[in-house]
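Asker: Below is the structure I would like to discuss, written out as structure tokens.
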Amino acid sequence: MATRTTNKPAAVLTIGYRVIDSPVGPLLVAASERGVHRIVLSERDHEFALRELERRVSPKVVEDSLVTEAIARELGEFFAGERREFSVRSDLSLVEGFTRRVIEALSHIPYGDRWSYGAVAEAIGHPRAHRAVGTACGANPVPLIHPCHRVIRSDGSVGSYGGGEWMKRTLLDLETRR
């Protein structure tokens, strides 16, 4: 006698998003029950990021303030100088391999500290990969939680940043004033 199996469709992950005001401009935050998927620094990239989430993570991306409430609160506390570490989970499913290792390492840079691209490369066991670290930082889907703004050039200059050099300087200054 043949056994019947019921093929129940897998539940579709819902990703909620909202735009929050910050001292560095409007930030798009997108999260689900798995964690924060995106924090988008540049307003011109908001629509692209939402389409990328639909294409690569889940087709169900909706405006939702409940699922983004915790990250919005923690970002507000960070910008007010009341939070030095984030407790919300991040979901790094948009990155893999070397890039993911770099982004995970960024969480080990203490608030107010600055590491060179070379120091991050050393920390992940690839001491000569400082340029690749810069590229990986540029692909960081959740800046601030994984603080790529704390990574600078070995000569002490700030280097580039997804939100622009002014934003990186603002974030570094915010952390050193507290």
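The values are calculated or read from the model by the stated rules, or taken from the named source; none is laboratory data. Predicted model only: the values in this text are computed from it and were never measured. Cβ placement follows ideal geometry from the backbone for every residue including glycine, while neighbour counts extend to all protein chains displayed. Protein only, heavy atoms only, side chains kept; ligands, DNA and RNA dropped before computing areas. Shrake-Rupley method; radii C 1.70, N 1.55, O 1.52, S 1.80 Å.
Asker: Per-residue accessible area for His130 at 1.4 Å probe radius, Å² rounded to 10?
Answerer: Only protein atoms counted, so the area is about 90 Å².
Asker: Given R₀ = 45 Å, FRET efficiency for Arg169-Leu66 by Cβ-Cβ distance, to 0.05? It would help to have the intermediate numbers written out before the result.
Answerer: Details: r = 34 Å, r/R0 = 0.75.
My answer for the efficiency is 0.85.
Asker: Just order 93-101, 154-162 by mean Cβ neighbour count inside 10 Å, highest at the front, would you? Display every interim value, and only then the final one.
Answerer: Details: 93-101: 15.3, 154-162: 13.6.
Per-residue mean Cβ counts within 10 Å order the peptides as 93-101, 154-162.
Asker: What whole-number volume per residue, in cubic angstrom, does the convex hull of the C-alpha atoms of the range 28-96 give?
Answerer: Normalising the Cα hull of the range 28-96 by residue number yields 99 Å³.
Asker: For all pairs of alpha-carbon atoms in the range 1-149, what percent lies in each bin of width 5 Å, listed from the first bin to the last filled one?
Answerer: Pair shares across the bins are 2, 9, 18, 20, 18, 14, 9, 5, 2, 2, 1, 1, 0, 0.
Asker: Going by a ≥ b ≥ c, the root eigenvalues of the Cα gyration tensor, does the range 104-160 fall in the rounded group (a/c under 1.5), the prolate group (a/b larger than b/c) or the oblate group?
Answerer: rounded
Asker: Can you pull the accessible area of Glu77 for me, 1.4 Å probe, Å² to the nearest 10?
Answerer: 40 Å²
Asker: Roughly speaking, what is the stretch gain from Arg44 to Arg131, that is 0.36 nm per residue apart minus the C-alpha to C-alpha distance, in nm to one decimal?
Answerer: Extending this stretch completely gives an extra 28.7 nm.
Asker: Right, something else. Between Arg55 and Ser157, what is the label-point separation in nm under the 7 Å Cα-to-beta-carbon projection?
Answerer: Simple spin-label model gives 3.3 nm for this pair.
Asker: Using a ≥ b ≥ c from the Cα gyration tensor of the range 57-122 (square roots of the eigenvalues), is it rounded, prolate or oblate, where a/c under 1.5 gives rounded and otherwise the larger of a/b and b/c decides, a/b for prolate?
Answerer: In terms of gyration-tensor shape, oblate.
Asker: For the chain, what does the relative contact order come out to in percent, with C-alpha contacts under 8 Å and a separation of six or more?
Answerer: Relative contact order for the chain comes out at 20 percent.
Asker: Full extension from Ala80 to His108: what is 0.36 nm times the residue separation minus their Cα-Cα distance, to one decimal in nm?
Answerer: Fully extending the segment from Ala80 to His108 adds 7.9 nm.
Asker: Next question. Which net charge results when you count Lys and Arg as +1 and Asp and Glu as -1 among the other residues whose beta-carbon is under 13 Å from that of Glu96?
Answerer: +1
Asker: Hey, another quick one. Taking the Cα centre as origin and putting +1 on Lys and Arg beta-carbons and -1 on Asp and Glu beta-carbons, what dipole magnitude results for the chain, to the nearest 20 debye?
Answerer: 500 debye
Asker: A follow-up question, please. If I compute solvent accessible area with a 1.4 Å probe over the protein chains, what percent of it on the chain is carbon and sulfur?
Answerer: Looking at the chain in its full context, I get 47 percent from C and S.
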